[in-house]
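Just below is one structure, and these are the notes that go with it.
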Amino acid sequence: MGKEMVSFRVCGTSTECDTALLDHSHLVAERFPQKSFNLDRFPLQIKNQTVFEQVNIFFDRTDDNPSLLPSYLREEEKFKQVFRKLWAYNSVWIETALPNVNVEIAADALDSENKKIRVKEIHSQLKASGSKSMKINNLHDFELFLELGLREKVSTVFVFEDMKICVWSNFDFTLPLYSDDDKYTELLQTICTTEGIYLRSLTD
């Protein structure tokens with residue numbers, strides 16, 4: 001892993017995939033379908049788009065219908081709990097689109113003034129360095145990027161280095177995930193079950 005670009009190296013196979021991750025979840029899934037999953041609110045993909053639109057919940061929808069906010073926050077917390085547990089056991093890198101977004105608009109989606117201030121600081125630092133990647137050393141920064149991703153304001157991919165797990169956060173509570181090690185995939189499955197979300201295989 002380098003500071004200039006989060007490099008993705010699939011270990012334990014004869015094939016390696018080195019790429020900037022942010023825009024390439026679909027390429028990873030196509031190349032490694034047995035190791036690719038979705039973190040999802042639903043145990044199976046809802047293929048009827050009309051039905052999905054009726055049951056779907058996302059942050060911007062709460063602007064028009066504030067009564068949905070408690071429901072949204074309950075669902076968001078389930079994903080946060082899974083991510084927090086992964087963060088606790090890993091060195092974590094991110095690759096983020098933050099330098100390319102309007103940081104004032106993004107900050108408005110955060111739930112504390114401290115986070116709003118901090119995201120502007122990080123935005124300035126990344127812009128100055130010309131980088132989209134950084135190592136996350138504290139939980140406050142981690143949760144800041146997690147909220148921005150889950151609320152679909154800033155695309156970010158989280159690289160949990162020790163467990164070789166990557167999660168793309170900006171996908172409407174259906175988050176693409178790559179897990180290289182079966183042992184940790186099983187652990188992640190247990191964590192998801194405990195927190196009330198689903199680790200859904202792309203090959204089912």
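The number of residues in the stretch 44-70 being among the polar types (S, T, N, Q) and part of a loop (DSSP other than H, G, I, E, B) comes to 4.
Starting from the stretch 64-76, take each residue that is in contact (Cβ under 8 Å) with a residue 12 or more places away in the chain and list its partners that are assigned to a helix (DSSP H, G or I) and open to solvent by less than 70 Å² (accessible area, probe 1.4 Å), counting only C-beta distances under 6 angstrom and pairs at least six apart or across chains. Between residues of the stretch 64-76 that are in contact (Cβ under 8 Å) with a residue 12 or more places away in the chain and residues that are assigned to a helix (DSSP H, G or I) and open to solvent by less than 70 Å² (accessible area, probe 1.4 Å), the close pairs are TYR72/THR62; GLU76/LEU150. When every residue of the stretch 164-187 is checked against the conditions, none turns out to be over 22 Å from PHE32 (Cβ atoms), open to solvent by 10 Å² or more (accessible area, probe 1.4 Å) and either among the basic types (Lys, Arg) or more than 19 Å from the chain's Cα centre (by Cα) (or both). In the stretch 1-22, of all residues being in contact with a helix residue (DSSP H, G or I) (Cβ under 9 Å, 6 or more places away or on another chain) and surrounded by 13 or more Cβ atoms within 10 Å (Cβ to Cβ), the one that is modelled with the highest pLDDT corresponds to LEU21.
Here LYS135 fulfils each of the conditions (1) touching a residue at least 12 places away in the same chain (Cβ under 8 Å); (2) more than 15 Å from ILE94 (Cβ to Cβ); (3) surrounded by fewer than 17 Cβ atoms within 10 Å (Cβ to Cβ); (4) of a type in the set (D, E, K, R) apart from (2).
Scoring ASP111 on the criteria (1) closer than 30 Å to CYS192 by Cα; (2) modelled with pLDDT of 95 or more leaves a single failure, condition (2). The single condition among (1) at pLDDT 50 or above; (2) closer than 18 Å to ASP182 by Cα that SER25 does not satisfy is (2). Restricting to the stretch 145-163, and then to whatever is within 16 Å of LEU188 (Cβ to Cβ) and aromatic (Phe, Trp, Tyr), can you tell me which residue is surrounded by the fewest Cβ atoms within 10 Å (Cβ to Cβ)? Across the stretch 145-163, the extreme among qualifying residues is PHE160. Each residue in the stretch 42-76 was checked for being open to solvent by less than 70 Å² (accessible area, probe 1.4 Å), among the charged types (D, E, K, R) and modelled with pLDDT of 85 or more, and 2 of them qualify. Residue under question is LEU110, and the condition is that it be over 26 Å from GLN189 (Cβ atoms) and either of a type in the set (A, V, I, L, M, F, W, C) or part of a strand (DSSP E or B) (or both); does it hold? The answer is yes for LEU110.
The values are calculated or read from the model by the stated rules, or taken from the named source; none is laboratory data. Bear in mind that the values here come from a model prediction, so they are computed numbers and not experimental data. Cβ sites come from the backbone with ideal geometry, for glycine too, and all protein chains shown count toward neighbours. The protein model used for the area step is the full one, side chains on, heavy atoms only, and it has no ligands, DNA or RNA in it. Shrake-Rupley method; radii C 1.70, N 1.55, O 1.52, S 1.80 Å.
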